[in-house]
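Here is the structure we will look at.
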Protein chains: 6
Amino acid sequence: MSHSDAYIRGKAMAEATNPGIEDSLAARYDAILPGFSSSMMEVAFGHYYTRDGLDDKTRYLATVAALAALGGQTRPQLQVHIRNALRSGATQREVAEVINQMALYGGFPAMINALNAALEVFEAEGAENG
Amino acid sequence: MSHSDAYIRGKAMAEATNPGIEDSLAARYDAILPGFSSSMMEVAFGHYYTRDGLDDKTRYLATVAALAALGGQTRPQLQVHIRNALRSGATQREVAEVINQMALYGGFPAMINALNAALEVFEAEGAENG
Amino acid sequence: MSHSDAYIRGKAMAEATNPGIEDSLAARYDAILPGFSSSMMEVAFGHYYTRDGLDDKTRYLATVAALAALGGQTRPQLQVHIRNALRSGATQREVAEVINQMALYGGFPAMINALNAALEVFEAEGAENG
Amino acid sequence: MSHSDAYIRGKAMAEATNPGIEDSLAARYDAILPGFSSSMMEVAFGHYYTRDGLDDKTRYLATVAALAALGGQTRPQLQVHIRNALRSGATQREVAEVINQMALYGGFPAMINALNAALEVFEAEGAENG
Amino acid sequence: MSHSDAYIRGKAMAEATNPGIEDSLAARYDAILPGFSSSMMEVAFGHYYTRDGLDDKTRYLATVAALAALGGQTRPQLQVHIRNALRSGATQREVAEVINQMALYGGFPAMINALNAALEVFEAEGAENG
Amino acid sequence: MSHSDAYIRGKAMAEATNPGIEDSLAARYDAILPGFSSSMMEVAFGHYYTRDGLDDKTRYLATVAALAALGGQTRPQLQVHIRNALRSGATQREVAEVINQMALYGGFPAMINALNAALEVFEAEGAENG
């Protein structure tokens, strides 16, 4: 099997930000869902995160907005994308403003929960960089 | 009653983008909810849309992301904020990319429905500008 | 088959507020879902709406709150329960206040959409009573 | 009080899969909500899980689909129904495929969270059966 | 550019059930989102609907379950998948039972709205087949 | 800067039920979101919780209804408002009835999760009052 273009560019992005990701997905999920790990490379990364037409910082902030508005149940993924937004050049303030804005769309409890998730990331990043 | 700072800056922004908005909200809602129209100026505009720390374009794109991910039931509001994003300098492509990205978070039907809502706005704006 | 207590009290309440409801549900749904209409009498009305421990007005206002917060996609049911709340003694103002409060929990678009649904009911009720 | 048909068939199914369930619900909830435990037998089991027209395996897989798509906040109930699906003859692969499919409808974070919940059940069932 | 395996099998399935689908998606969306139509072939069909490990009928019924539970805002997609379920061998009764079951997970208004959507499909299919 | 009427009445209510709340919000959030703590006083309390036209008990029960129907992800806020409802004169039974009713709108898992959250509050309040 030769790899598709989408797989190749998705894999490159995924491994650059998270070395070993395909192997660790494979070890956890492929026995029960054949092809799951390569599918993640091709679909989520190859067809979405690597698209042109939107800068990475805005793409991640839009993702943070959506996950904050959808509510606290996707907290692990929200924290991943807050970190991605920061690493793409967003300031902590911008991340916090995007989350704060979500009070109007996802409600105040969703906003506060997301803000608390962000504070944890800010502290961890600060510790790393300090 | 003197107006609060939040009311004053919210009212200024709201009337600049939508002349007569407070009066038309008042005519429709204040009889049943006393103070509703001025509350909208102070809260939604004064405490959210006029905040510093995030450029308007990103703020509107984040809002488009959230409304797309939350699903088609907020279509009128989604279209208002798509228009706001375009008028703050976002390209149609950027709006479409933000919505497309939401397939991963709000699901494919929500994404397609939001994309269809965006196409209507793009056509109307094109007609206006053409 | 003898009827259960829950069916009997549910049926009585349902027919009192909506004469002929079981027959019209039966005509529409029982061919494809055997027993659907009597099940609605027994379950929704018999096990929920006829319970003791909460006055009808508060029960309906709580239902209006939930449907408003869940968003505009349940508009027909929201309007039914706004009407029920009014007929149980709630004022239009109380209905509107409950909906307005939902801005904090279901977001501003959900609140505005529900308020618009309420205004339609208020006008129809006014016309009936006028 | 004589028991309704729905109570009788619901109680039989509930006790067969979960001996003592009505008593344990009663001990926990009936003081604050009179009749709650028998209501669960009659409603959830008597009016839904014991219906004809759909085999148990498909009914449980449909339930797993819905809970996965609705997101991680119903994790305990999701795990109960994954176990029910397996015990009704679904393979682990079928459960995983149903969950994987939900990426398209509930989004990728909801899918991954549900898949992780399923892996825990698979391990526990494996340990029991091993 | 050569096509990936996922594109080839997804395209085959999509065109078999909906001839001309890629071209009509391209005409509508590719100008604003380059590559959107081929991406749908590769992702939704190639990576999800064509997977092994679950029969088509169960896959579509699970999808109907999820869309019913998520609520009426995805009505067009719900109707597409009800039709797919019927064409994969599900009976109208099985579709209705799956939807009815969702009362417990998505609430009664979502269930009734989905049942109404199903009745429309059943009538249209009946007219076609009659 | 002089304070708005909404800030003054919101602050009074917030501090009466939760002494020191603005300072503790400020310590946690104002560095990353300038003005957040005073904004909470003015918006959530000043523009919503202190409004006329609805008694506190009904307002809190409506909020409990909405948070229960929206699902377990807002558990901390649900517990705050259950406590507020009790302190405004609602009985434990009324709180439980409102939550139970939500089975019809938010689904059975959301209802059970909210009921479990309520039982924790009832026990803690009982211990305090015992």
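The values are calculated or read from the model by the stated rules, or taken from the named source; none is laboratory data. The shown structure was predicted, so the numbers you read here are calculated from the model rather than taken from an experiment. When we count neighbours, we look across all protein chains shown, and the Cβ atoms used for this are built from the backbone with ideal geometry, even at glycine.
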(request) Name, by its number, the condition in (1) out of contact with any Leu (no Cβ under 8 Å at 6 or more places or on another chain); (2) modelled with pLDDT of 95 or more; (3) closer than 17 Å to residue A:104 by Cβ that does not hold for residue B:23. (result) (3)
(request) Return the only residue of F:24, F:2 being surrounded by fewer than 17 Cβ atoms within 10 Å (Cβ to Cβ), in contact with an Asp or Glu (Cβ under 9 Å, 6 or more places away or on another chain) and of a type in the set (Gly, Ala, Ser). (result) F:2
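Quick grid of which residues meet (1) of a type in the set (Gly, Ala, Ser); (2) over 20 Å from residue B:47 (Cβ atoms):
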residue	(1), (2)
A:23	no, yes
A:39	yes, yes
A:56	no, yes
A:62	yes, yes
A:78	no, yes
A:83	no, yes
A:90	yes, yes
A:98	no, no
(message) Would you confirm, using the coordinates I've provided, whether residue D:16 is at pLDDT below 95 and assigned to a helix (DSSP H, G or I)?
(response) yes
(request) Go through F:51, F:75, F:59, F:83 for me and flag whichever is within 14 Å of the chain's Cα centre (by Cα), buried (at least 17 other Cβ atoms within 10 Å of the Cβ) and within 30 Å of residue B:7 (Cβ to Cβ). (result) F:59
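Yes/no matrix, rows are residues, columns are (1) under 13 Å from the mean Cα position of the chain (by Cα); (2) outside the structural domain of residue B:124 (by TED's automatic domain parsing); (3) farther than 22 Å from residue C:98 by Cβ:
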{"position": "B:30", "(1), (2), (3)": "no, yes, no"}
{"position": "B:39", "(1), (2), (3)": "no, yes, no"}
{"position": "B:44", "(1), (2), (3)": "yes, yes, no"}
{"position": "B:71", "(1), (2), (3)": "no, no, yes"}
{"position": "B:88", "(1), (2), (3)": "yes, no, yes"}
(message) Looking at D:100, D:116 in this structure, which one is of a type outside the set (A, V, I, L, M, F, W, C), farther than 25 Å from residue D:16 by Cα and surrounded by 24 or more Cβ atoms within 10 Å (Cβ to Cβ)?
(response) D:100
(message) Are there helices (runs of 4 or more DSSP H) fully within the range F:24-130 with at least 2 residues that are in contact (Cβ under 8 Å) with a residue 24 or more places away in the chain and more than 10 Å from chain C (Cβ to nearest Cβ)? List them.
(response) F:36-40, F:75-87, F:108-129
(request) Scan the range D:52-74 for residues that are basic (Lys, Arg) and under 15 Å from residue E:105 (Cβ atoms) and report the count. (result) 1
